Amino acid sequence: MGKMLSSLFRHPSGRIGLVIIGFYLLAAILGTLGLTPHDPLKLFAIDRLKAPSGTYWFGTDLLGRDAFSRLMVGIRQSMLIAFASVAIATIAGTIIGLVSAWWGGLWDGIFMRVMDVLLAFPAILLALLIIAIVGPGTMTSVAAIAIVYTPIFARVVRGPALSLKQRDFVDAARTFGSSQGYVLTRHLLLNLVAPLAVQVTLALAWALLTEAGLSFLGLGTQPPTPSLGLMLAESRNLMTHAPWLMIFPAVTIMLGILGFNLTGDALRDILDPRTQRREA
Amino acid sequence: MSYVVQRLLTFPLILLGVSILVFVAIRLVPGDAITAMLGTEAGLLTPVQREALAAYFGIDQPIWAQYLRWLTGLFQGDLGISSIYGKPVLTVILERFPLTLQLSLMSMVIALSVGVPLGVLAASRNERPSDLVVRVLAMLGQSTPNFVVGILIIYVLSVFFGFVPAMGTFTPLFADPLASIAQLIFPAITLGFAFAASVTRISRSAMLDVLSDDYVRTARSKGATPMSVIWHHALPNALIPVVTLSGVEFGYLLGGAVIVEQIFALPGLGRLVLDAITQRDYALVQGTVLFIAFNFLVVNLLVDLAYVALDPRIRIGRR
Amino acid sequence: MNQFSPKTLLAGLAVATALTSVSAALPAQAAELRMAWSQDATGLDPHKQTAFSSLRLLELIYEPLVRLDADLNVVPAIASSWEFAEDARTLTFTIDTNAKFSDGASVTSADVKASFERLLDEATSAAARSNFLSIESIDTPDDATIVFNLSTPDVPILVAMATINAAVMPAAEIEAGTVGTEAIGSGPFVLESWEPNAREVLSANENWAGGELAIDGITISVLPDEMAILASLRAGQTDFALLNDPLVATLVPMEAGLELNRVGVLNYNVLQLNPSRPPMDNLLVRQAMSCAIDRQEIIDAALAGEGKVTGPLTMPAFAQDPANLFCYEQDLERARELMAESGVDGFSATVIAATGEPPVAASEAQVLQAQLAEIGIDLEIEMMELNVYVDAWLAGDFDMAVAQNGGRPDPYPMYNRYFTNEGNLAHVSNFPDDELDSLMKQGQAETDPAKRVEIFQAFESRLAEQSPWLWLSTGYSYTAQRESVSGFTPSPTGTLFGLVNVSVE
């Protein structure tokens, strides 16, 4: 892991990506600890829709709340949803992919058809339905995004797992009497780290985008908790009154996605043997 | 060929799964067509009135009976009647589909016509300033949510140019080709923005891959000009991942673009199903989701076939 | 028609194209109003539809016996005159002999009778039926006279008839069961086509008894995003638009060439408490909450200043100055005293609100949350999709609810559903109170207008003092138009009937 980070840091776009993600994590941690310039939920009644200033760095919103503090907490919220949903999707997808590849036969058929159903179901509508059933909120957004991405991870894992299963060293391990679980984790999983790592960073970027989209439709994070998408949605009708309310969250979302995309690209470069050959 | 047959055989199974999922999911959502129509006034109904309405909307039966009735209809090509439109679901879908299809195609054309040349340019100038500029732009493009692009486009057009694309209803292509394309060009740019960025990136990296392949080196050593190497020898092979990416993306676009349709007030499949969900038009939700899933499966199958057809290595491998 | 050969067809097309370009070049003699709104009608049956957006469309197509003018007076529509009997148990209408349906047939008393019988038939599932339960029988002595015999004295029934939910439709259409598909009414416009959630096309009804219109028709486009409506107005693609979001409305006057019409409406924004759940069952807690909130601040922050503080009665003829009502000025000290006295030491509760309905619901909930935190009440906001919200609301399944409820020009039809003992929505308000019940009944039977005002003001004071709900504000109805449009009169009921006087340059 440390090795991967250091080689990421040597990669030009990886470095930029990591710096951006680092900043976002810092903002998220500060936001969680309450180390924001103002209380993000406090309404400063006489200071509504103030332009950016020394007191309110990114201005205030319609209800008189400090936009900068809300942005910090919003980053936390968006990152939380992105990381949690991708973590769940990765774990669930990996388990399903491995089990399908390993056991094969009927199980493979059943699992993969279920994944096919989820893939064929229009993603945003699946999320919409889940949200409508359970009611919108942080956990619902996490669950909805996780369910949408699980089949993608299952596919990413199953393919390489199938071909690894045929390879000599796995066969050898099996004939030497290693337990199934040992072979699965030790040999298969380790070899899957590379494709998974790339998929995870890209999925994080997508999750951030999806969270923003859901919140924009009023179906994601619920007030008063800010999220980047919600802040953007709330600023929609204030575009001419207070453009800063729109610009800052929009740029923050873009940069966040950019950070994950850059890191994902760098990871792909580092882990993909073909590009290594090219650079060599 | 047996591969295609095998894939086709899974279609009914997958669609059955989708149909069950959507059927159950939409009924798990609280509220029904009655509350959707009457809002809080639904509380004024007497039990007799409520029953009459439930029968009218076909939601008075137990859920399994409703499903069986719907499934039976499905086999006869009958997707049910939409309660919002008072028309057969399939008719409603087919009225909306041309817009989504045209919008998806236009987005793809924009993405390819911008993305491929930019990607090739960047690859041929590997690591030079123009390459870096293209890569940064593509990265940024891929990181911009499409609703931000859409909002900005409408704002800039209306404030600085006193113009907005026609909204509300769609002018079909065959009725007035120019007006039709003019209406969808900005939404297509909105959707094509991130798409073009992806195409740029993938065509650049595919091009770089191909340029380092042996046969290109051979061509080069035989004295082909750099231009001819790129356009005649490298590009056709580099297009394989571009085709795959565009195909998959196209499959998603055919599912409708909820947010962009909302912002530009376009009556496409995305808004159709969103409205159907909000108004609890069960038959329409079910039919549209099934329709979208079917298109998705077909497009993905075609993409796979194209991939096999384009890549000689795979064809050999399969034999 | 003769059969066309391909060649003549082509020639025909060329002529048609030439004709269209000629007519497009002509000055706007044949004026058509291009209108936009964000929510479309949900159906065409005026007896069944209750959604605001549906009523706005149907009011242009159908007519009730009487309607309300911009000052909320009852004025003639299909009926040219009416009379209550002394005991308020017989109501007689004389039908305007010029009134005609859009298919040319005259409106007769038989049509009125058939319409009301349909409305009262439970199989029709008309929610408005509950307003007309006092109708015992309907007589039609001649084609132009209709008599309603009532089981109890019912003065407010006249106002209840002044809505499109009591529209008159042809008896033949009712017989044929084509109401809701054909849309044949006696109103100023005829529905030419309707593509739900996309567009409706209306043309002027030549047979309309109200006179000639200055426009030939209206095309209504459904643009779900109100900022897009604004952009469309700005770009000249839309002439006239209905706006729901006060934030968008406040942008209109800043635009050159656009005008905003604004009129106070009868709808009210309210925080509904659920007095069947502790601690909201405690009068002192409810009163403390009423004292703790700053209604004007909610308007300033959540509604961008677009609203007026109101008590339960929103109609000018009955409303009293809110300053006279219990604790209508924020008084935190008194609120804390009341809380201390109640024995409840702060509590947590969930407040439900619908996403986007009204557009300011989320903002209102957040300001209320901040204000009630001052007296130790910890509100959790639960935003719900509209239908999910309606479902929970109808089941009375909430601690508190941010709501925007419809108003009526008369207090009786507005509140009898909530605050009489047998009201249809008494299980939503959960506040059975004999005094409110008896005041309602007196108000229904009283014929003297001055006495009615007195009765309902006592009713209002009692409600504010008992605080089962916390009434907050009334807002405005907004329409925006380009300068080329003139003659529109907005109405507190929100109706767009004022379009009959509109002309487009």
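Here are some notes:
- Check on A:Leu63, within 14 Å of chain C (Cβ to nearest Cβ), in contact (Cβ under 8 Å) with a residue 60 or more places away in the chain and either assigned to a loop (DSSP other than H, G, I, E, B) or aliphatic (A, V, I, L, M) (or both): no
- Selection from the stretch C:176-199 of residues that are in contact (Cβ under 8 Å) with a residue 12 or more places away in the chain, facing chain B (nearest Cβ under 10 Å) and not in a loop (DSSP other than H, G, I, E, B): C:Trp194, C:Arg199
- Residues satisfying the stated conditions in the stretch C:209-238, i.e. at the interface with chain B (Cβ under 8 Å from one of its Cβ atoms) and at positive phi: C:Gly236
- Flag for C:Asp87 being over 16 Å from C:Ile164 (Cβ atoms), of a type in the set (Asp, Glu) and part of a loop (DSSP other than H, G, I, E, B): yes
- The listed residue being in a helix (DSSP H, G or I), away from chain C (no Cβ under 14 Å) and touching a Phe, Trp or Tyr at 6+ places or on another chain (Cβ under 8 Å), out of B:Val260, B:Val243, B:Val210, B:Val248: B:Val243
- For the stretch A:218-242, taking the residues that are outside any loop (DSSP other than H, G, I, E, B) and among the polar types (S, T, N, Q), the one that is nearest to C:Pro224 (Cα to Cα) is identified as A:Asn237.
- Only one of the numbered conditions (1) out of contact with any Lys or Arg (no Cβ under 8 Å at 6 or more places or on another chain); (2) under 24 Å from C:Gln296 (Cβ atoms) is not met by C:Ile375, and that is (1).
- The stretch C:30-83, residues that are charged (D, E, K, R), closer than 29 Å to B:Gly86 by Cα and more than 13 Å from the chain's Cα centre (by Cα): C:Glu32, C:Arg34, C:Asp40, C:Asp45, C:Lys48, C:Glu63
- Residue match in the stretch B:28-46 (condition: more than 30 Å from B:Ala197 (Cα to Cα), away from chain C (no Cβ under 14 Å), surrounded by fewer than 20 Cβ atoms within 10 Å (Cβ to Cβ) and of a type outside the set (Gly, Ala, Ser)): no
- Evaluated against (1) touching a helix residue (DSSP H, G or I) at 6+ places or on another chain (Cβ under 7 Å); (2) charged (D, E, K, R); (3) buried (at least 16 other Cβ atoms within 10 Å of the Cβ), B:Asp60 falls short on exactly one condition, (3).
- Some residue of the stretch B:11-20 being within 14 Å of chain C (Cβ to nearest Cβ), under 19 Å from the mean Cα position of the chain (by Cα) and either part of a helix (DSSP H, G or I) or among the hydroxyl-bearing types (Ser, Thr, Tyr) (or both): no
- Single residue of B:Leu266, B:Leu305 found to be modelled with pLDDT of 90 or more and of a type in the set (A, V, I, L, M): B:Leu266
- Considered as a group, the residues in the stretch C:345-383 that are within 17 Å of A:Thr225 (Cα to Cα) and of a type in the set (D, E, K, R) include one that is farthest from the other protein chains (Cβ to nearest Cβ), and that residue is C:Asp378.
- Count - residues of the stretch B:144-170 that are more than 7 Å from chain C (Cβ to nearest Cβ), part of a helix (DSSP H, G or I) and touching a residue at least 60 places away in the same chain (Cβ under 8 Å): 4
- When the residues of the stretch A:234-245 are filtered to those that are crowded, with 22+ Cβ neighbours inside 10 Å and not charged (D, E, K, R), the one that is nearest to the other protein chains (Cβ to nearest Cβ) is A:Asn237.
- Condition met for A:Gly74 (within 20 Å of A:Ile253 (Cβ to Cβ) and in a helix (DSSP H, G or I)): yes
- Of all residues in the stretch B:73-125, exactly one satisfies the criterion of being of a type in the set (Phe, Trp, Tyr), part of a helix (DSSP H, G or I) and modelled with pLDDT under 90, namely B:Phe75.
- Taking residues in the stretch B:49-63 that are on the phi > 0 side of the Ramachandran plot, and partners anywhere that are in a loop (DSSP other than H, G, I, E, B) and crowded, with 16+ Cβ neighbours inside 10 Å, the pairs with Cβ atoms closer than 9 Å and at least 6 places apart or on different chains are B:Gly58/B:Gly80; B:Gly58/B:Ser83.
Every residue, every condition in (1) without any contact (Cβ under 8 Å) to a residue 60 or more places away in the chain; (2) touching an Asp or Glu at 6+ places or on another chain (Cβ under 6 Å); (3) hydroxyl-bearing (Ser, Thr, Tyr); (4) buried (at least 24 other Cβ atoms within 10 Å of the Cβ), yes or no:
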position	(1), (2), (3), (4)
C:Ala370	yes, no, no, no
C:Val390	yes, no, no, yes
C:Val402	no, yes, no, yes
C:Asn405	no, no, no, no
C:Ser429	no, no, yes, no
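The values are calculated or read from the model by the stated rules, or taken from the named source; none is laboratory data. The model shown is predicted, which means the values in this text are computed figures rather than measured ones. FYI the Cβ positions are ideal-geometry reconstructions off the backbone, even for glycines, and counts take in every protein chain you see.
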